Amino acid sequence: MAAARLNPLDLYDIRSLLTDEERMVQDTVGRFVDEKVLPIIGDCFDQARFPKELVPEIAGLGLLGATIPEKYGCAGMNGVSYGLICQELERGDSGLRSFASVQSSLVMYPIYAYGSEEQKMEYLPKMAAGELIGCFGLTEPHGGSDPANMKTHAKKDGGDWVINGAKMWITNGNLADVAVVWAQTGDGIQGFIVPTRTPGFAAQEVHKKMSLRASVTSALFLDNVRVPDANRLPNVKGLKGPLGCLTQARYGITWGPIGAAQACLKEVIDYTQERVLFGRPLAANQAIQLKLADMARRITTAQLLSLQLGRLKDAGTMQPTQVSLAKWNNCRMAIDIARECRDILGGAGITTEHSAIRHGLNLESVITYEGTETVHQLVVGRELTGINAF
Ligand code: TGC
Ligand code: FAD
């Protein structure tokens, strides 16, 4: 009897390691991506347009702040489900996953983890419903890898704080109703919830991007922006505040590129069966099969890495170094696969009629943001040697 064919996108049946609830989350988001995202996303990328019209449905599916408790209007899912959300959204486009990552891990998470009860009640339910959109201002124009050296500062003035500075490369910047802004104070780095309509706050969209074109990226300017002390996140001080948010977002980003790589692999498996060259399907050539097999090997490795990371996260034992290794590995895996898939598509691979070039270009941002590949390599090196090479 012939053995049943394996799923080329899940060769090790990772799905069997998921709970019923996790499988349901994956199927629901997967359906949304197939039906609502894939038909429009190539055009969105061409037109450099974020598909804002999808936000109500993303919110309706409970994908924003998905791991935050139901008490705050969120879905209260586990970390693995959040990872699967990122994977499926990024199978559509990294820009959509970026939107969800920033809203969930970089804006709702710090309000949940470091905010007062009043701040949580005021912002989280509206953010989960997609009624308020957030952005996260950490990176500055003079160098994002070293946020400890930030110049943006906040000065206490009576019961208020006055913030001055600039932030660069900020996802959702021109969409946002609120910005979580990190600033130096006399008492270390602190986070502030800044409504974007506050006088002195300005967002300027970054144009001419060749990557993440279906996502909004902006520069933020803060010129004597005044907010009350009630807008300061009271429960964290120091760089560990923003770095703690990055750990959450980077965890999700380990899953996202798996989706992008799966989309590319699926596309070339189909294409190489139909493309006939030298009298036989392209897929019948050893040189092509070796490449496809190697892609499946790398995707499988990444899937197992992220799933175990998720189980550690849900057990409360996940360490930042483990996140760094997976973010590095999975971004590298996906960007290399996207490039190879573009090559296998030949000339057809250079337009957005196929997804490989779009994913590959997007992954140039994904491998850079949330800590560049080098930053994550050095984090792992520091763990192994005990020597800080930054
Ligand atoms: P270091 O001395 O290592 O640490 C300072 C304090 O922070 C703690 N810590 C962490 N806490 C939580 N999670 C982590 N990953 C942490 N890493 C460090 C640490 O324990 C310490 O705490 P304490 O209590 O002792 O003060 O700081 P360092 O200056 O040596 O850091 C080095 C380095 C390079 C690792 C760090 O600066 C870094 O990660 N740089 C990269 C910056 C970055 O990733 N920026 C991302 C900006 S946001 C973004 O890109 C969003 S894109 C999203 C999208 O669109 O999807
Ligand atoms: P730099 O820090 O200037 O690094 C330049 C190069 O130097 C890199 O190759 C880096 O690896 C290398 N390098 C740095 N240090 C070392 C070292 N010690 N040894 C060897 N090499 C080193 N930031 C936010 O705060 N919020 C957001 O929402 C956000 N969204 C983004 C969206 C997009 C599309 C992009 C592209 C970026 C976004 N970022 C955001 C910023 C992102 O986090 C930074 O781009 C990233 O951290 C790198 O910072 P940088 O661009 O200033 O590069």
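Throughout, read-outs are computed from the coordinates displayed, never taken from laboratory work. Computed from a predicted model, the values in this text were never measured in an experiment. Reconstructed Cβ throughout: ideal geometry from the backbone, glycine too, with neighbour counts over all protein chains shown.
Normalised by residue number, the volume inside the convex hull of the Cα atoms of the chain is 148 Å³ per residue. Computed about its Cα centre, the charge dipole of the chain is approximately 660 debye, with only Lys, Arg, Asp and Glu carrying charge at their Cβ. Cut-off 10 angstrom, C-alpha nodes, Gaussian network model of the chain. Which of ALA334, ALA66, ALA75 fluctuates the most? Result: ALA75 has the largest fluctuation of those listed.
Counting only cysteine Cβ atoms and a cutoff under 4.7 Å, the chain contains unmatched residues CYS44, CYS74, CYS86, CYS135, CYS245, CYS331. Axis of helix 117-128 versus longest Cα principal axis of the chain: the two differ by about 30°, to the nearest ten degrees.
Rounded to two decimals, the Cα-based Rg/Rh of the range 197-304, with Kirkwood Rh, is 1.22. Does anything in the range 284-325 have its amide N under 19 Å from the 7 Å Cα→Cβ label point of GLU21, and if so which residues? Answer for this model: 307-318. Bridge orientation summary for the chain: considering DSSP beta bridges with both residues in this region, about 85 percent are antiparallel.
Using 5 Å bins from zero, what percent of all Cα-Cα pairs in the range 134-231 falls into each bin? Percent of Cα pairs in each bin: 3, 15, 26, 25, 17, 9, 3, 2, 0, 0. Note on LYS126: lysines with a C-alpha under 24 Å away, same-chain residues under 8 apart excluded, are LYS36, LYS52, LYS71. Our compactness index for the range 128-190, the C-alpha radius of gyration over the empirical 2.2 N^0.38 Å, is 1.21. Candidate cross-link partners of LYS156 among the lysines, defined by an alpha-carbon separation under 27 Å and a same-chain spacing of 8 or more, comprise LYS120, LYS167, LYS237, LYS240. Only one residue of TYR251, HIS376, GLY241 has its Cα farthest out toward the positive end of the dipole of the range 240-385, where Lys and Arg carry +1 and Asp and Glu -1 on Cβ, and that residue is GLY241. Here the relative contact order of the chain, from alpha carbon pairs under 8 Å that lie six or more residues apart, stands at 18 percent. Lys/Arg Cβ at +1, Asp/Glu Cβ at -1, dipole of the chain taken about the Cα centre: which of GLY159, TRP182, PRO8 is farthest positive-ward? With unit charges placed on the Cβ atoms, the residue in question is TRP182. To test your reading of the geometry: what angle, between 0 and 90 degrees and rounded to tens, separates the Cα axis of helix 20-32 from the longest principal axis of the chain? Value to nearest ten degrees: 80. Of the trypsin sites (Lys or Arg not before Pro) in the range 106-168, the ones in a loop by DSSP (not H, G, I, E or B) with at most 14 other beta carbons within 10 Å are LYS151. Within the listed set GLN190, GLN319, GLN286, the residue fluctuating most in the Gaussian network model of the chain (springs between alpha-carbon atoms under 10 angstrom) is GLN286.
The aspartates and glutamates within cross-link reach of LYS327, meaning a Cα-to-Cα straight distance under 19 Å and a gap of 8 or more places when in the same chain, are GLU88, GLU90, ASP93, ASP146, ASP314, ASP336, GLU364, GLU370, GLU373, GLU383. With the contact rule set at Cα under 8 Å and sequence spacing of 6 or more, what percent relative contact order holds for the range 134-231? Result for the range 134-231 is 33 percent. Sparsely packed loop sites in the range 249-285 (the chymotrypsin sites (Phe, Trp or Tyr not before Pro) outside DSSP H, G, I, E and B with at most 11 other Cβ atoms within 10 Å) comprise PHE278. Taking the inverse of the mean reciprocal distance over all distinct Cα pairs, the Kirkwood hydrodynamic radius of the range 1-112 comes to 15.1 Å. Mean-square fluctuations from a GNM of the chain, with a 10 angstrom spring cutoff on Cα atoms, peak among GLN262, GLN103, GLN377 at GLN377. In terms of other Cβ atoms within 10 Å, HIS207, HIS153 run from fewest to most in the order HIS207, HIS153.
Between 0 and 90 degrees, the angle of helix 356-366 with respect to the longest Cα principal axis of the chain falls at about 30 degrees. What percent of all Cα-Cα pairs in the range 240-390 falls into each 10 Å bin, going from 0 up to the bin containing the maximum distance? Pair shares across the bins are 11, 36, 29, 16, 7, 1, 0. Computed about its Cα centre, the charge dipole of the range 134-231 is approximately 340 debye, with only Lys, Arg, Asp and Glu carrying charge at their Cβ. Averaging the Cα positions of each part gives two centres, and for the range 293-311 and the range 340-390 these lie 16 Å apart.
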